[in-house]
Amino acid sequence: MTKGGIDFDRLLKLRLVVARVGEMDLAKWWNTRGQLGRLGAAAIRRGFPRTHYFAQARSVFAVAAFRCREVFDPPQSVTLWHLTETLEEEFETHWERCLDQAGAWKPFFLELEALKETEVKTALQSFNLITDDDLELLSRLRRSAEGRAVPLPTPFTSTDQDILSLALGFARGEPGALAVPYARLENA
């Protein structure tokens, strides 16, 4: 964890679950179809035998980030796919450590491959990434009037709770109707 309270393993898991739910074979938010599922593993495993899961994740993260920016790109804000520069740098450092321990992540990725859930809340619960107490946070999140965004009620302060809020905000979207959760930066 960082001084600000970010658990980077949890951040990676939150990104992975949201990324998988958003694929075209599930919630239809971004244009990847089963890239984090069995099909993606079969297609990429040959070229990246040890780290194929992370190669799959990297591609879906890039597509999800692009699609979210396309739908709603607020200035002076963060999203699950675009955090502060400092946090993204720390995440990249953590990513490298995960690559070194790729085998330890295999059970999580295998469970992710089998995911068939289109509701973010239920998917996050099935991976034990949220608690019943966290659902109180979800109850306070609302889609914007135009339906394309989910503004977090407080500015982003680089905490694990902020990251969880950004992931949970995707639960306000519906299959085929992406709503991008975002938080304003504290100094914006």
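The values are calculated or read from the model by the stated rules, or taken from the named source; none is laboratory data. All figures in this text were calculated on a predicted structure; none of them were measured in a lab. Note that we place each Cβ from the backbone using ideal geometry, even for glycine, and neighbour counts take in every protein chain shown.
Key figures for this structure:
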item	result
Long-range neighbours under 6 Å by Cβ, at least six apart or interchain, first residue assigned to a helix (DSSP H, G or I) within region 160-173, second among the basic types (Lys, Arg)	Ala171/Lys121; Arg172/Arg143
Hits in region 64-84 - residues which are at pLDDT below 95 and among the charged types (D, E, K, R)	Asp73
Residues located in region 140-185, provided they are small (Gly, Ala, Ser) and farther than 20 Å from Phe127 by Cβ	Ser144, Ala145, Gly147, Ala149, Ser158, Gly176, Ala177, Ala179, Ala183
Matching residues, region 12-37, being touching a residue at least 12 places away in the same chain (Cβ under 8 Å), among the hydrophobic types (A, V, I, L, M, F, W, C) and part of a loop (DSSP other than H, G, I, E, B)	Leu26, Ala27, Trp29, Trp30, Leu36
Residue satisfying all of: in region 127-156; of a type in the set (Val, Ile, Thr) and surrounded by 15 or more Cβ atoms within 10 Å (Cβ to Cβ); nearest to Trp29 (Cα to Cα) among these	Val150
Residues of region 52-81 classified as in a loop (DSSP other than H, G, I, E, B) and out of contact with any strand residue (DSSP E or B) (no Cβ under 6 Å at 6 or more places or on another chain), total	4
Residues being under 20 Å from Asp162 (Cβ atoms) and of a type in the set (Ser, Thr, Tyr) - total across region 106-149	3
Residue selected from region 63-105 under the condition of a type in the set (Gly, Ala, Ser) and either in contact with an Asp or Glu (Cβ under 8 Å, 6 or more places away or on another chain) or farther than 18 Å from Leu164 by Cα (or both), by the criterion surrounded by the most Cβ atoms within 10 Å (Cβ to Cβ)	Ala102
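Quick grid of which residues meet (1) in a helix (DSSP H, G or I); (2) touching a helix residue (DSSP H, G or I) at 6+ places or on another chain (Cβ under 6 Å):
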| residue | (1), (2) |
| --- | --- |
| Glu92 | yes, no |
| Gly103 | yes, no |
| Phe109 | yes, yes |
| Leu141 | no, yes |
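Residue by residue, here is whether (1) over 17 Å from Ala183 (Cα atoms); (2) among the β-branched types (Val, Ile, Thr); (3) modelled with pLDDT of 95 or more holds:
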{"residue": "Leu87", "(1), (2), (3)": "no, no, yes"}
{"residue": "Ala102", "(1), (2), (3)": "yes, no, no"}
{"residue": "Glu111", "(1), (2), (3)": "yes, no, yes"}
{"residue": "Asp134", "(1), (2), (3)": "yes, no, no"}
